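Asker: Shown below is the structure under consideration.
Laboratory data are not the source of any read-out in this text; all were calculated from the coordinates shown. Note that the structure is predicted; figures quoted are calculated from it, not measured. No Cβ is skipped: glycine too gets one built from the backbone with ideal geometry, and neighbour counts run over all protein chains shown.
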Amino acid sequence: MSNNINERVGKLRDYLRKNGLAAFIFPSTDPHQGEYVPEHWQTRKWISGFDGSAGTAVVTLSDAALWTDSRYYIAAEQQLQGTPFKLMKDGQAETPSITEWLCQQLTENNVVGVDGEVFTETEIEEMQAALGMAGIMLKTDLNPAEELWTDRPPIPKNKVEIQPLEFAGESAESKIERVRQALREQKANGILISQLDDIAWLLNLRGSDVHCNPVFVSYVLLTLDEVTLFIDSEKLDDSVKNYLNKIGVRVKPYGEFQTLSISPLKGEDKAQKASPLRGGLVGSLKSIKNAAEIAGFRRAMIRDGVAMVKFLHWLNPAVEAGGQTELSIDRKLTALRAEQDLYRGFSFDTIAAYGPHGAIVHYEATPESDVKLEPKGFLLLDSGTQYQDGTTDITRTIALGPLTDEERLDYTLVLKGHIRLALTRFPDGISGTQIDALARYAMWQHGINYGHGTGHGVGSYLCAHEGPHQIRHTWKPAPLHAGMTVTNEPGIYRQGKHGVRIENTMLIVEDGETEFGKFLRLEPLTLCPIDLTPVLWNMMTAEEVAYINAYHEKVYEELSPLLTEEERLWLKVQCVAMPSQP
């Protein structure tokens, strides 16, 4: 493999010289800024050999480096051996940024190349400003992969399908009109939509072009008068073509989008041409789920809960019998979910992390890293499913046997944080940042914290990670409103020891109005017992115990009729009410 990488870097340097470039930057993104990138745009992997989900490769005429975060330090170091790339450990104080490194490597009047299609406008502006301080220029209209990647996978051409109105809950015509009304209010006359889940939601269509996400590669240009979908026509069968024609959507080839000339206009001209209004307009509309979508989530969560209970009932005896690994239990859970109605696959790659692997926040087991499960310690299991009527995202940390005092403390603190956030009543329209500390309070009192966000939106048979709203410690101004889904997933991670995370997908619902305005609360959508064997009950308040009892009562009520007698008895034990003062 390293020989191939060395050869590619050599050819790239010839390309740089031919085009007057001193360096080229390869990110991990595609033109649609999705979480998962189709193989066609995996140029960073192609040039460096590193296959992690996050990273940026930079090649100069005499050097090469790859930046990635702590999740991939070990894997990247192994995969880069024998190649020209040195590992740059992003997030460490001594590691320079990409632009800082380039300013050290290059000289005034040098030119750095990027494929402008796969960077955001903000990213381009920031790179131009940073490099410009050293007199280095940025060129954005070159793509060496087009010329040098001879066996480059094509852009996906999988078929698009119509999402039935019974699941979508609102016609595409109605959604389009709502977007147009928002444009009028902003005195804009058009919007370019590049995020694939926004397009799928707007047109009530779904696809399979992207791993885990039921979306299709395309763009939409929506003006006050027209809607144009830029997509490869091979992806559309007659029923979809007729549907698009019926709802007034013109279809043009995906490649034609690159020939568009969209300029911001002022005054009266706005009525004739589209201005490049970008951002969260469609995403904000999409984030508020309608009644049909909420009903679909509830049905999907019941089916997913049944699969989870069947899995958890099986798990501990299977581990005690021996022979189970992180990958084998992942396959077992997937098989149980696949038996459920409207199953469409993963909503993200499963994290089945045993023992020390649980401390790696985005760990994904591979044949090389897979370990045997033993009847002791914690298994952290973060997984989710795409059902045609809803998307699920759930994490459970399961005691497989005896635990240490530290493991029990961490588990109890995480559970307290999860419950405290779930119990919170908050004003309509506040930011998720304003309630994030509630999930952290108990662990902060023990000098403990976690680095990831506490919650993210979840799509309706769309992406498991959906914005614009989030619950996290860093400032995210997007407001919270009734009808939004959001996860509740605090965690504690001790490197080399264990990880704990407890996650439910929640629905934001109205909780009355006072003289101070409308208030909201979080209602759990996820239906699955939470392991109570690790809990230090002397640390739990009566209010917290009451919450977990009420939650488990609902879990049993919803799931027990759909289980076998043996599974139902097991679930009853898991959901037994705990005394408020154990």
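Asker: What ³J(HN,Hα) values, in whole Hz, does the Karplus curve 6.51 cos²θ - 1.76 cosθ + 1.60 give for region 355-367 when θ = phi - 60°, with x put for Gly and Pro?
Answerer: Karplus-based 3J(HN,Hα) across region 355-367 equals x, x, 5, x, 7, 8, 4, 10, 4, 9, 5, 10, x Hz.
Asker: If each DSSP helix of 4+ residues adds -39,500 (n - 2.57) and the sum is divided by the residues in the chain, what number results at 222 nm, nearest 500 deg cm²/dmol?
Answerer: Calculated from helices alone, the mean residue ellipticity at 222 nm is -10500 deg cm²/dmol.
Asker: Could you list the GluC sites (Glu not before Pro) in region 472-570 that lie in coil according to DSSP, counting only those with at most 16 other Cβ atoms within 10 Å of their Cβ?
Answerer: When the GluC sites (Glu not before Pro) of region 472-570 are filtered for loop state and at most 16 Cβ neighbours within 10 Å, GLU515 remain.
Asker: Would region 131-243 count as rounded, prolate or oblate if I go by the C-alpha gyration tensor, calling it rounded below 1.5 in a/c and otherwise prolate when a/b exceeds b/c, oblate otherwise?
Answerer: Taking the square roots of the gyration eigenvalues as a ≥ b ≥ c, region 131-243 is oblate.
Asker: Considering the options PRO164, LEU480, VAL573, tell which one lies farthest towards the positive end of the dipole of the chain, charges being +1 on Lys and Arg and -1 on Asp and Glu at the Cβ, about the Cα centre.
Answerer: So the residue furthest toward the plus end is LEU480.
Asker: Out of residues 5 or more away from GLY345 or on other chains, whose amide H comes under 5 Å of its own, with H placed 1.01 Å from N in the peptide plane?
Answerer: Residues meeting the criterion, in which the H sits 1.01 Å from N, are GLN386.
Asker: I'd like the distance between the alpha-carbon centres of region 84-110 and region 1-78, rounded to an integer number of Å.
Answerer: Between the Cα centres of region 84-110 and region 1-78 lies a distance of 14 Å.
Asker: How large is ³J(HN,Hα), in whole Hz, for each residue of region 124-138 in order, when computed from phi with the Karplus curve 6.51 cos²θ - 1.76 cosθ + 1.60 and θ = phi - 60°, using x for Gly and Pro?
Answerer: 4, 4, 5, 5, 4, 5, 5, 6, x, 4, 9, x, 9, 9, 10
Asker: Where a ≥ b ≥ c are the square roots of the eigenvalues of the C-alpha gyration tensor, would you call region 1-108 rounded, which needs a/c under 1.5, or, failing that, prolate if a/b is larger than b/c, or oblate?
Answerer: Rounded.
Asker: Region 55-108: which GluC sites (Glu not before Pro) are DSSP loop and have at most 14 other beta-carbon atoms within 10 angstrom? Numbers along the way, then the final one.
Answerer: On the way: sites: GLU77, GLU94, GLU100, GLU108; in loops: GLU94, GLU108.
Counting only loop positions with at most 14 other Cβ atoms within 10 Å, the GluC sites (Glu not before Pro) in region 55-108 are GLU94, GLU108.
Asker: Could you give me the ³J(HN,Hα) list for region 22-28, computed from phi with Karplus coefficients 6.51, -1.76, 1.60 and θ = phi - 60°, whole Hz, x at Gly and Pro?
Answerer: Values per residue, Gly and Pro as x: 9, 6, 9, 10, 10, x, 9 Hz.
Asker: So, one more: Restricting to bridges with both residues inside region 1-88, how much of the DSSP beta-bridge set is antiparallel, in percent to the nearest 5?
Answerer: 75 percent
Asker: Given Cβ point charges of +1 (Lys, Arg) and -1 (Asp, Glu) and nothing else, what value in debye, to the nearest 20, does the dipole of region 325-434 about its Cα centre take?
Answerer: 340 debye
Asker: Further, regarding this structure: Does region 330-480 classify as rounded, prolate or oblate by the C-alpha gyration tensor (a ≥ b ≥ c root eigenvalues; a/c under 1.5 gives rounded; else a/b over b/c gives prolate, otherwise oblate)?
Answerer: Because a/c hits 1.5 or more and a/b fails to exceed b/c, region 330-480 counts as oblate.
Asker: Can you tell me the dipole magnitude for the chain around its Cα centre, using point charges on the Cβ only (Lys, Arg +1; Asp, Glu -1), in Debye to the nearest 20?
Answerer: Working: 57 positive and 79 negative charges, 61 e Å.
Its charge dipole is roughly 300 debye.
Asker: I've got another one for you. How about region 424-490: which trypsin sites (Lys or Arg not before Pro) there lie in a loop by DSSP and see at most 11 other Cβ atoms within 10 Å?
Answerer: ARG425
Asker: Then there's this: Below 8 Å, C-alpha to C-alpha, sequence gap of six or more: please give me the relative contact order for the chain in percent.
Answerer: 10 percent
Asker: Net charge within 11 Å of LEU66 by Cβ-Cβ distance, Lys/Arg positive one each and Asp/Glu negative one each, not counting LEU66 itself?
Answerer: +2
Asker: Tell me which residues come under 5 Å, amide H to amide H, from VAL227 once H is placed; ignore anything under 5 positions away on its chain.
Answerer: The list, which skips near neighbours in sequence, is ARG250.
Asker: Using modelled amide H (1.01 Å from N, peptide plane; none on Pro or chain starts), what sits under 5 Å from the amide H of MET506, excluding residues fewer than 5 places away?
Answerer: Long-range HN contacts for MET506: VAL486, THR487, ASN488, LEU525.
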